[in-house]
């Protein structure tokens, strides 16, 4: 509902590593999925994958500073009969739609005990670094769960 934090559990957090399986073959959102979250007016979105975007919309293929993984372009063409840019023409549209268009922050590489909170309403607390002028950093995510699913901490005031 409006104002909620959404954590997307694809199962990839169990495969988190510096590997093609995690970076290149993980699922991800694109413009339409990101816009759906913006339309729902969620407060924050976390993903258990390496990016707020589908891998075909990142530098892994022919976007931004890419391709860093040119073999993915040929694999995509072989599997689907077309260039990835035909299906994913925009670079990092998930980032742009959520963060720039919707003002919704995103958390990548959510892991830990994500399975323990999947499907439950809980209060998430995120502890980022104090980094003046920074645009991203590692964080620790904590979840408080009421077994009755009735209690939630109210959000604090901005200071």
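Tell me the Kirkwood radius of segment 99-151: reciprocal of the mean inverse pair distance over distinct alpha-carbon atoms, in Å.
Numbers: mean 1/r = 0.0757 Å⁻¹.
Kirkwood hydrodynamic radius for segment 99-151: 13.2 Å.
Legend: ranking of residues 88, 80, 124 from fewest to most surrounding C-beta atoms inside 10 Å; resulting order 80, 124, 88.
Modelled label positions at residue 14 and residue 41, each set 7 Å beyond Cα in the direction of Cβ, lie 3.7 nm from each other. Nearest 10 degrees, 0 to 90: what angle lies between the long axis of helix 71-80 and the longest principal axis of the chain (Cα atoms)? With rounding to tens, the tilt is 90 degrees. Label positions at residue 83 and residue 116, each projected 7 Å from the Cα along the C-beta direction, are separated by 4.8 nm.
As a proxy for reagent exposure, ranking 54, 13 by other Cβ atoms within 10 Å from fewest up yields 13, 54.
Relative to its Kirkwood radius, the Cα radius of gyration of segment 5-112 gives an Rg/Rh of 0.97. Neighbour counts of other Cβ atoms within 10 Å put 97, 68 in the fewest-to-most order 68, 97. Mean sequence separation of contacting Cα pairs (under 8 Å, at least six apart), scaled by the length of segment 5-112, corresponds to a relative contact order of 35 percent.
FYI, it's all coordinate maths here, none of it is from the lab. The structure displayed is predicted, hence computed values, not measured ones. With ideal geometry, Cβ positions are generated from the backbone for all residues, glycine too; neighbour counts draw on all protein chains shown.
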